[in-house]
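Reviewing the structure listed below.
The values are calculated or read from the model by the stated rules, or taken from the named source; none is laboratory data. Just so you know, these numbers come straight off a predicted model, no measurement behind them. When we count neighbours, we look across all protein chains shown, and the Cβ atoms used for this are built from the backbone with ideal geometry, even at glycine. Protein only, heavy atoms only, side chains kept; ligands, DNA and RNA dropped before computing areas. Shrake-Rupley method; radii C 1.70, N 1.55, O 1.52, S 1.80 Å.
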Amino acid sequence: MKAIRTHDSSAGIAGLVYEDVPDAKAGLCEVLIKVVACGITHNELDWPIWTCRAGHRREAIIPGNEVSGVVAAVGFGTAGFAIGDEVYGLNDQLRDGAAAEFVAIEARNLARKPVSLDHIHAAAVPRAGLTAWKALFDHGKLEKGQTVVIHGAGGAVGSVAAQLAHWAGAEVIGTGREHSRELAAGLGVDRYLALDNGEKLEDVAGQADLVVDTVGGEVLTGSSVLLRPGGILITIKAASEFPTDRDDIAKIVFVQLPNRDQLAELARLIDEGVLKPQVGAVYPLAEATAAFTTKAAGGVPGRMILQP
Ligand SMILES: NC(=O)c1ccc[n+]([C@@H]2O[C@H](COP(=O)([O-])OP(=O)(O)OC[C@H]3O[C@@H](n4cnc5c(N)ncnc54)[C@H](OP(=O)(O)O)[C@@H]3O)[C@@H](O)[C@H]2O)c1
């Protein structure tokens, strides 16, 4: 089958090649998916993904672990899915991803595709949706009437987080660049701070019960000013960038794992019209390098999608 791969752990996007690879096969309790659309994260090749849990080094990586497609085969012991089913899911980050014609995924990491979405929009949901859900509700304990600040509200994770927080009845303050202001307003963001256009975190000092950071760097380090005493600061970036000037707030960093039940819940919210996944651009699989490069350069809202 054709796939995008990298064989070089230090090359980043420059190491990606479009090539023939061994056919993916469904193993024990796995599903083989004919990929219709694959979601990528521009800096995923920088994550610590070259060493598997068992400790052995991966020789090559197929990126893009968010997938929407059609079940082509089921492995031994796989229950709940049949050939022809339309599914979406998040593959384990330490396995080959979906930037390929086919991908094998553990069935427990899949759910039925939202019926109201095409595959392109469904592929924008798994990592972004699961990460946003975990940040807001599992770690952030967000409740109706609270105020949440979402850094990067126009991005893939942030755009889902903004919609879910609005749905949960929170006051939503979004931050990001000026180009995302209009998008954020349409997602339910009540107040938006364009950090590249003169607006500052200090403008909403002391108002937040929860901060969800998808940007990191100075935005994260400067976030202690936002929180009320007892508030929660969550980042999906680097814990090393947490502010050190507050001991009356909780600080949480996490890495999202696949979760079938939450995928099913996200699909329900999508089909009820609560959540609208944002797709910034769609590239052919063979042009993955351009897709990664373009998204990394900034200005592409929501998720970048590849299609075989
Ligand atoms: N821990 C986890 O489990 C987990 C899960 C998913 C993602 N992540 C990480 O989280 C980050 C966000 O992921 P994503 O897919 O949502 O990326 P994304 O789509 O690029 O979203 C980031 C958003 O923040 C904006 N932004 C970036 N730097 C900014 C700055 N200095 N000031 C203001 N706005 C800024 C971006 O605008 P521009 O597009 O204009 O730059 C974009 O709208 C990535 O680094 C990703 O690797 C971690």
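General remarks:
- Computed label-point distance, nm, for sites residue 228 and residue 17 using a 7 Å Cα→Cβ extension: 5.6
- Span from the segment 144-165 Cα centroid across to the segment 197-254 one, whole angstrom: 14
- Peptide ranges 48-54, 7-13, 102-108, 289-295 listed from the most packed, as the mean C-beta count within 10 angstrom indicates: 102-108, 289-295, 7-13, 48-54
- In percent, rounded to a whole number, the relative contact order of the chain is 19, using alpha-carbon pairs under 8 Å and six or more apart.
- Segment 128-253, accessible surface, carbon-and-sulfur percent (1.4 angstrom probe): 48
- GNM top mover of 194, 238, 297 - the chain, alpha-carbon springs below 10 Å: 297
- Using only alpha carbons, the chain has a radius of gyration to Kirkwood radius ratio (Rg to Rh) of 0.97.
- In segment 128-253, the C-alpha radius of gyration followed by the widest Cα-Cα span (Dmax) gives 12.6, 35 angstrom.
- Of all DSSP bridge pairs formed entirely within segment 128-253, close to 0 percent run antiparallel.
- The chain, dipole about Cα centre (Lys/Arg Cβ +1, Asp/Glu Cβ -1), debye to the nearest 20: 440
- Rough spin-label spacing in nm, given labels placed 7 Å along Cα→Cβ, for residue 260 and residue 247: 4.6
- FRET efficiency for residue 274 and residue 70, using Cβ-Cβ distance with R0 set to 35 Å, rounded to 0.05: 0.85
- Only beta bridges with both residues in the chain are counted; by DSSP, about 55 percent of them are antiparallel.
- Charge dipole of segment 128-253 (Cα centre as origin; +1 on each Lys and Arg Cβ, -1 on each Asp and Glu Cβ, all else neutral): 320 debye, rounded to the nearest 20.
- For segment 32-103: rounded, prolate or oblate by the Cα gyration tensor [a/c cutoff 1.5]: oblate
- Lysine pairs meeting the criterion (Cα under 23 Å, 8 or more apart or interchain), as found in segment 128-253: 9
- Entry comment: accessible area of segment 128-253 is 40 Å² per residue, from protein heavy atoms only and a probe of 1.4 Å.
- Rounded to the nearest 20 debye, dipole of segment 1-107 from Cβ charges on Lys, Arg, Asp, Glu: 180
- A simple packing score, the average count of other Cβ atoms within 10 Å per residue, orders the peptides 24-35, 144-155, 122-133 as 122-133, 144-155, 24-35, with the highest score first.
- Listed by chain and number, the lysines whose C-alpha is less than 22 Å from the C-alpha of residue 34, apart from same-chain residues fewer than 8 away, are 2, 25, 113.
- Ranked by the mean number of other Cβ atoms within 10 Å per residue, highest first, peptides 262-270, 62-70 order as 62-70, 262-270.
- In nm, spacing of pseudo-spin labels at residue 141 and residue 83 (7 Å Cα→C-beta vector): 5.0
- What the Cβ-Cβ distance of residue 179 and residue 46 gives, at R0 = 25 Å and to the nearest 0.05, is a FRET efficiency of 0.60.
- FRET efficiency for residue 167 and residue 205, using Cβ-Cβ distance with R0 set to 30 Å, rounded to 0.05: 0.70
- Cα gyration tensor shape for segment 1-147, rounded if a/c is under 1.5, else prolate or oblate: oblate
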